[in-house]
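Heads up, the thing below is written out as structure tokens.
Just so it is clear, none of the values below were taken in a lab; they were calculated from the coordinates. Since the structure is predicted, the reported quantities are computational estimates derived from the model, not experimental observations. Glycine also receives a Cβ, built like all others from the backbone with ideal geometry; neighbour counts cover every protein chain displayed.
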Amino acid sequence: MKKYLQIFILTGLLIFSFQKTLQSQWFKLPDLPDSGKVYDMYFVNANTGWVTLTNNFYTLKTTDGGLSWVTQLSGTSLKAGELQFFSDTLGVALGSNGSFVTTIIKTTNGGINWNPIFTTADIYSDIFFVSKDTGWVCGFDGMWGGVWRTNDGGNSWFRQYTAASNGLDRIFFLKNKVNGEYWGWTFKGDGLWRTTNSGVNWALINGGIGGCYGDCVDIYFRDTANGIVTRNNDCFNKTTNGGFNWINFPLNYSINSKIGIGDNNKYWLTLNNDSIIKTNNFFQTYGRQYTPAYAKIIFALDTSTVYAGLNSTNMIKTTNGGGPIIYTEIDSLNLNLPEYYKLYQNYPNPFNPVTKISYELPKDSKVSLIIYDILGKEIRRLVDNEFKQAGIYSIDFNEPSLASGVYFYRLIALDSFGKTGYNKVKSMVYIK
């Protein structure tokens, strides 16, 4: 009996493994010629691309779709990290010199030669170009966070913004102008700043994205309203109103996930296991694609050709979008939506000077969130009759001019017929 049980278990494991192989249409690439973790990657077409490795930050180049690689920057003091290319010859990278001083380096011959074009004592943490000439970096000057801009391809930079924080971590811009201006977002921890005039002015539009706490790892907006953020936590966030409010989606193994962008609807998220998440509808629903190796960094050239990797032995690729999506109860965002309306107690309470108010919507609703004093006088509308999709929301309340005392906050949610679906009041205490 024991022997038959062992055969049964082994057969089941083999069938499961065979099913995963059939379902997966990712395949493993030959090992890279240098060891180290993959830090970043960028492809200009299906065959030509570059990968940076954390082992001395070597840069590797392929011209045959990842079947073979040539080592670049090896043996020099330059170290490349974040990559961005504009053609098969012209590219820039955010890196450092041998003393780990921030350096912008550039190639005009496909990576055969890289030259330092700008060096600074400021610490730049992320870089983003909308064209070969115009780009931004975010980072830290030793005291404050900041955003810097270049108009000459990275040869010179000027500061556009100083943030009251100890550094900004991630930055992203829409590549197409809106009303003649570039829109952009930058993150520090839970805080989100936005510009609608090409970086001239920035506003803190959300001081604490709730439900999914932790630093921003990757950020992407497909337009001025819809965006996603991954965190150094088992979750990610989605916004449909430009970043003012965010829906939290728990997702196991998604710590430090990176985003691959196929088009406005098709995206991939890397996981800390032998699978990758894919959505065909901007994360209204999603499912898994099993992979032959773990991957943390990802680059989608289009909806078919996608590269991913973790280290020199874990490079993988798909040429048909990764095959079918395996939907499970855990993986469907629709099944993560709240069942009931709910208004949470603010936290912290008592508070000074900021407190977070969270609420849940089981269906799309028109929402108002209003603050009152103890006499019932309206103090502030945190949300003013705004349409919200079903999900979990959090918003900060910060009103330093208030006197110490008891205050109330009310959540009103109207359904699609304009009828009140929810009306709840809670109290909170402000102590100066």
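Worth pointing out:
- Kirkwood hydrodynamic radius (C-alpha pairs) into Stokes-Einstein, segment 337-430, 10 °C and 1.306 mPa s, D in µm²/s: 118
- Couplings 3J(HN,Hα) for segment 216-228, derived from phi with the Karplus relation 6.51 cos²θ - 1.76 cosθ + 1.60 (θ = phi - 60°), are 6, 9, 8, 9, 8, 10, 8, 7, 6, 10, 9, x, 9 Hz, where x marks Gly and Pro.
- Full extension of the chain segment joining S74 with Y344 gains 91.7 nm, where the gain is 0.36 nm per residue of separation less the Cα-Cα distance.
- Length gained when the stretch D141-K424 is fully extended (0.36 nm per residue, less Cα-Cα span): 97.4 nm
- For the chain, the alpha-carbon radius of gyration amounts to 1.09 times the rule-of-thumb value 2.2 N^0.38 Å expected for a compact globular protein.
- Distance between the modelled labels on T119 and N352, one decimal in nanometres: 4.9 nm (7 Å Cα→Cβ projection).
- When the Gaussian network model of the chain links Cα atoms closer than 10 Å, the mean-square fluctuations of S404, S156, S74 top out at S404.
- Hz values of 3J(HN,Hα) by residue in segment 107-124 - Karplus curve (6.51, -1.76, 1.60), Gly and Pro given as x: 10, 10, 9, x, x, 4, 10, 10, 10, x, 10, 7, 10, 8, 7, 5, 9, 8
- For segment 213-332, the spread of Cα coordinates along the three principal axes comes to 40, 28, 26 Å, biggest extent given first.
- Put a dot 7 Å past the Cα of T313, heading toward its Cβ, do the same for T108, and the two dots end up 4.2 nm apart.
- From the alpha carbon centroid of segment 197-240 to that of segment 117-131 is 21 Å.
- Taken along its three principal axes, the alpha carbon spread of segment 269-397 comes to 65, 30, 25 Å, from the longest extent down to the shortest.
- Here's the list of aspartates and glutamates a cross-link from K106 could span, going by alpha-carbon distance under 17 Å and ignoring same-chain residues fewer than 8 apart: D40, E82, D88, D126, D133, D152.
- Working from label points 7 Å from Cα in the Cα-to-Cβ sense, the N166 to I374 distance is 3.8 nm.
- In sequence order, calculated HN-Hα J values of segment 185-202 (Karplus, 6.51, -1.76, 1.60; Hz; x Gly/Pro): 9, 9, 10, 9, x, 8, x, 10, 10, 9, 10, 10, 9, 6, x, 5, 10, 10
- Candidate lysines for bridging to K426, where Cα separation is under 26 Å - those fewer than 8 sequence places away on the same chain excluded: K342, K356, K363, K366, K377, K388
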